[in-house]
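Here the structure is laid out as structure tokens; the discussion comes afterwards.
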Amino acid sequence: KAGVTQTPRYLIKTRGQQVTLSCSPISGHRSVSWYQQTPGQGLQFLFEYFSETQRNKGNFPGRFSGRQFSNSRSEMNVSTLELGDSALYLCASSLGQKLFFGSGTQLSVL
Amino acid sequence: GESVGLHLPTLSVQEGDNSIINCAYSNSASDYFIWYKQESGKGPQFIIDIRSNMDKRQGQRVTVLLNKTVKHLSLQIAATQPGDSAVYFCAENSDAGGTSYGKLTFGQGTILTVHP
């Protein structure tokens, strides 16, 4: 069974731009969660989607948004990028309580 | 202000030794805990989990111990191998009793280095 797939693997953007990251969960998994990982703050929860509905949201500004499609695939969007948004963005899917992570998208904001 | 990076605890062991990685969690209401291993350039990899109604759970070469009285979690790795070198994170479910299984609160991580 294929794992969680995130695209792109690397991304370079400049301040003020917006970015969309994609996540394909493990087949059969309906829950998708997003995390931001930085050296300064560690792993922080962004949001969780289940059956196309946002089920929970972390403490991030409104510039961070996401959505989930009927096939459980998910995207997250960051608008008006700031230097501090440079991070590894991780997606995880789950069927129950076990979360399985993808390899992440490394975003660099210049 | 200037951001300060996390200073991760480190643990260095010799190949074949047993390793113990510790974690203090914050929410006394958390009812589910997970250990993850993260290698360079990869996402966190599930190792083992434990529910709050247990105090010990064993997997292949790994054991997790849970002490709810002092809110402490530990991961024991038997016969540690060089391939075990990675950053290890504990995580707790922050939506205890709810249905939001995807919201985890992660510890800062511990760097494990195994010397051949």
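The values are calculated or read from the model by the stated rules, or taken from the named source; none is laboratory data. Fair warning: this is a prediction, and the values are worked out from it, not measured in the lab. Neighbour counts run over all protein chains shown; Cβ positions are idealised from the backbone, glycine included. Keep in mind that these areas ignore ligands, DNA and RNA; they rest on the heavy atoms of the full protein, side chains included. Shrake-Rupley method; radii C 1.70, N 1.55, O 1.52, S 1.80 Å.
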Could you give log10 I(q)/I(0) at q = 0.13, 0.20, 0.22, 0.33 Å⁻¹ for the stretch B:30-80, computed by the Debye formula over C-alpha point scatterers of equal weight, without solvent? -0.32, -0.70, -0.81, -1.29
With an 8 Å Cα cut-off and a minimum separation of 6 or more residues, compute the relative contact order for chain B in percent. 36
Along the charge dipole of the stretch B:4-116, Cβ charges K/R +1 and D/E -1, which of B:52, B:90, B:67 sits furthest on the positive end? B:52
For chain A, what relative contact order do you get, as a whole percent, if you take Cα pairs closer than 8 Å and at least 6 residues apart? 37
If you put +1 on each Lys and Arg Cβ and -1 on each Asp and Glu Cβ, how big is the dipole of the stretch A:41-110 around its Cα centre, in Debye rounded to 20? 180
Protein heavy-atom accessible area occluded, A/B pair - total, 1.4 Å probe, Å²: 1900
Interface residues, the stretch A:66-97 - accessible area loss of 40 Å² or more versus chain alone, probe 1.4 Å: A:97
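Ignoring ligands, DNA and RNA, what percent of the 1.4 Å accessible area of the stretch A:16-100 is carbon and sulfur?
47
Nearest 20 debye, what's the magnitude of the dipole of the stretch B:19-116 about its Cα centre given +1 on Lys and Arg Cβ and -1 on Asp and Glu Cβ? Walk me through the numbers on the way to the answer.
Numbers: 9 positive and 7 negative charges, 21 e Å.
Here the size comes out at about 100 debye.
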Roughly what % of DSSP beta bridges within the protein assembly as shown run antiparallel, to the nearest 5? 90
Quick query: amide H of residue B:17 versus all other amide H atoms, modeled in the peptide plane; which residues come in under 5 Å with a sequence gap of 5 or more or a different chain? B:80
Got a number for the accessible area of residue A:95? Probe 1.4 Å, square angstrom, nearest 10. 130
Coordinate range along principal axes, alpha carbons of the stretch A:13-110, Å, largest first: 37, 24, 21
For chain B, state the semi-axes of the equivalent ellipsoid (square roots of 5 times the eigenvalues of the alpha-carbon gyration tensor), sorted largest first and rounded to whole angstrom. 23, 18, 13
Of the accessible area of chain B, with the probe set at 1.4 angstrom, what percent is carbon plus sulfur? 46
Using a 1.4 Å probe, what is the accessible area per residue for the protein assembly as shown, in Å²? 49
Pairwise Cα inverse-distance average, inverted: Kirkwood Rh of the protein assembly as shown (Å): 18.2
